[in-house]
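Chemist: Can you keep this structure in mind? I'll have questions shortly.
Values in this text are rule-based calculations from the coordinates and carry no lab data. This structure is a prediction, so every number in the text was calculated from the model and none was measured. Don't worry about glycine lacking a Cβ; one is built from the backbone with ideal geometry, like all the others, and counts go over all protein chains shown.
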Amino acid sequence: MSTEKPVSTEKLTPTPGQTVGPFFGYALPFEKGGELVPAGSPNSIKLHGTVFDGNGAPIPDALVEIWQADSNGNIPNETGSLVRDGYTFTGWGRTPVGNTGKYVFSTVNPGPTEPGKAPFFAVAVFARGLMNRLFTRVYLPEDTEALENDALLSSLEPARRKTLIAERLADGSLHWDIRLQGEDETVFLDFHAEG
Amino acid sequence: MGEPVKSSDAAADNQAIVSQEIRDIEEGYRAARAAGQPAEVQPRVDYPPYRSSILRHPTKSLHHADPETIELYSPAFGHQDVHALESNLTIQHGGEPLGERMVLRGKVLDGNGRPVAGQLVEIWQANSAGRYIHKRDQHPAPLDPHFTGVGRCITGPDGSYEFLTIKPGAYPWKNHLNAWRPAHIHFSLFGTEFTQRIVTQMYFPGDQLFPLDPIYQSIVDQDARERLVARYNHDLTSPEWALGYEWDIVLTGPKRTWTENEAYGEQGDDEH
Ligand SMILES: [Fe+2]
């Protein structure tokens with residue numbers, strides 16, 4: 001194990017993931033974890049939905065994280081997500097689902113990070129029974145031209161593509177369900193060719 | 001694979017049945033390796049011996065994506081988020097918790113061996129009797145009023161973390177009849193980009209429950225699963241005080257091209 005290669009070119013093998021298990025509830029969730037901006041504040045929106053299993057049953061012990069640009073498309077670099085001061089936008093949130101599998105975030109619409117780019121939330125999903133975390137994205141539905149030009153979306157068949165696009169409800173909120181398995185299974189992403 | 005597996009969480013099958021399934025999958029993996037398939041370094045999400053995984057894993061293969069914009073960065077954490085004392089799980093409730101006191105230390109590295117500095121590490125665990133504070137934990141083992149089993153810290157400039165805690169006990173669960181989890185500590189980690197995010201579990205060397213545990217065995221590659229086992233280090237053990245364990249974590253990636261001036265997670269390349 002002591003080959004003398006310079007550290008910068010050595011590729012280390014990653015540590016495997018494991019399930020978050022059933023007992024994260026008193027450890028990972030934190031106060032206002034889902035409130036990237038205070039609920040009901042001006043320009044705030046709700047991002048909400050349900051996490052489902054392969055039978056279409058809601059999963060009551062999942063955890064959802066989002067990470068996003070601010071409404072101007074800037075990528076935040078502010079600490080303070082775990083102890084929110086009420087006005088700094090950190091761009092990251094975490095919330096456990098409720099007993100009926102529902103999650104809700106209070107946040108802002110992410111802006112395009114470059115002109116013409118389709119804005120999306122990066123998402124990580126964890127659950128008991130889910131052996132490793134899953135990455136996905138949820139896109140805003142409005143800029144249809146940007147959505148059509150998006151590299152990831154255009155690499156997907158239409159039926160699968162729509163699992164990554166939120167629905168804008170009349171109250172301005174974004175509705176997006178996560179299906180871990182089944183017919184309308186959400187597209188989950190592999191960034192590292194982990195297989 | 002035997003007959004199709006019924007429901008999750010039924011606790012209907014005994015250890016012999018689950019162990020046989022584990023062995024069958026392992027044999028299949030060995031044969032695939034012998035036939036030239038690459039090593040699997042991550043757990044299988046489709047792993048029927050872990051009953052609750054049956055309806056909770058994607059059946060379509062993960063879609064390869066090149067990370068973009070926000071995915072190439074990580075949320076920032078610091079001392080606004082985490083108090084220094086949160087890394088000491090033995091002083092949180094006005095008295096000494098029961099059990100074997102232990103120091104746990106290691107480094108968070110990326111796939112190039114570069115330290116992941118200034119990032120959040122979260123842990124949670126059962127107490128020394130194998131009981132979680134969680135209200136759904138029905139195991140009739142005692143709670144410890146002086147222990148909640150939750151800790152956090154921010155990694156140092158060299159990627160290092162350190163916790164003072166109590167060695168957790170093994171605990172029963174309902175995957176099958178007489179199912180017991182090997183003692184473990186849950187870890188949640190961030191890298192310098194969101195694609196490196198990981199949640200995992202750390203185990204203790206020589207645990208007799210390893211071959212019986214479908215969660216540990218869901219990593220079908222022996223070398224890979226051993227990456228989750230801490231090393232006992234007597235040099236880290238303090239006389240009259242605490243046993244020492246060491247465990248380093250390697251994150252995948254990063255995918256972002258690095259320049260020297262962002263080595264500590266600062267932003268500042270062409271992604272803006
Ligand atoms: Fe556990």
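Chemist: Which entries in A:102/B:135; A:46/B:167; A:162/B:255 show an alpha-carbon gap greater than 31 Å? Before the final figure, lay out each step's value.
Modeler: Working: A:102/B:135 20 Å; A:46/B:167 41 Å; A:162/B:255 26 Å.
Going by Cα-Cα distance, A:46/B:167 fall outside the 31 Å limit.
Chemist: Enumerate the aspartates and glutamates that residue B:174 could reach by cross-link, defined here as Cα to Cα under 20 Å, with residues fewer than 8 away along the same chain left out.
Modeler: Cα-Cα hits under 20 Å: A:53, A:61, B:9, B:13, B:21, B:46, B:137, B:207, B:213.
Chemist: Within the protein assembly as shown, what percent of beta bridges assigned by DSSP are antiparallel, to the nearest 5?
Modeler: Roughly 80 percent of the DSSP beta bridges within the protein assembly as shown come out antiparallel.
Chemist: Spelling out what I want: for every residue of region B:114-131, take phi, set θ = phi - 60°, compute 6.51 cos²θ - 1.76 cosθ + 1.60 (Karplus), and round to whole Hz; glycine and proline get x.
Modeler: 7, x, 9, 9, x, 10, 7, 10, 10, 10, 8, 6, 6, 7, 5, 8, x, 10
Chemist: Looking only at region A:44-179, where both bridge partners belong to it, what percent of the DSSP beta bridges are antiparallel (to the nearest 5)?
Modeler: So the antiparallel bridges in region A:44-179 amount to around 85 percent.
Chemist: Could you tell me which residue out of A:33, A:139, B:176 lies farthest along the dipole of the protein assembly as shown toward its positive end? Charges go on the beta carbon: Lys and Arg +1, Asp and Glu -1, centred on the Cα centre.
Modeler: B:176
Chemist: Okay, next question. Find how many whole Å separate the alpha carbon centroid of region B:143-191 from the alpha carbon centroid of region A:47-87.
Modeler: Each part's Cα centre sits 24 Å from the other's.
Chemist: Residue B:34 to residue B:100: FRET efficiency via 1/(1 + (r/R0)^6), r the Cβ-Cβ distance, R0 51 Å, to the nearest 0.05?
Modeler: E(calc), rounded to 0.05, equals 0.80.
Chemist: Turning to a different aspect of this structure: Can you pull the one-decimal nm distance between simple spin-label points at residue A:151 and residue B:91, each 7 Å off the Cα toward Cβ?
Modeler: For residue A:151 paired with residue B:91, the spin-label model returns 4.8 nm.
Chemist: Can you give the helix-only mean residue ellipticity at 222 nm for chain A, where every DSSP H stretch with n ≥ 4 adds -39500 (n - 2.57) and the sum goes over all residues, rounded to the nearest 500 deg cm²/dmol? Numbers along the way, then the final one.
Modeler: Numbers: 3 runs with 14 residues, N = 195.
Taking each H run of at least 4 residues, the total per residue is -1500 deg cm²/dmol.
Chemist: Which value does Rg/Rh take for region A:44-179 over its C-alpha atoms, Rh per Kirkwood?
Modeler: Answer for region A:44-179: 0.96.
Chemist: Can you give me the three principal axis dimensions of the protein assembly as shown from its C-alpha atoms, in Å, biggest first?
Modeler: 61, 51, 49
Chemist: Need the full-extension length gain, residue B:255 to residue B:26, defined as separation in residues times 0.36 nm minus the C-alpha distance. One decimal, nm.
Modeler: Gain on stretching residue B:255 to residue B:26: 79.3 nm.
Chemist: Calculated FRET efficiency, residue A:31 and residue B:162, Cβ-Cβ r, R0 25 Å, to nearest 0.05?
Modeler: 0.45
Chemist: Continuing with this model, one more query. Between residue B:79 and residue A:167, what is the spin-label point distance in nm, taking each point 7 Å from the Cα along the Cα→C-beta axis?
Modeler: 4.9 nm
Chemist: Now a separate question. Hey, with R₀ at 45 Å, roughly what FRET efficiency would residue A:100 and residue B:61 work out to, going by the Cβ-Cβ distance, to 0.05?
Modeler: On the way: r = 30 Å, r/R0 = 0.66.
The value I calculate is 0.90.
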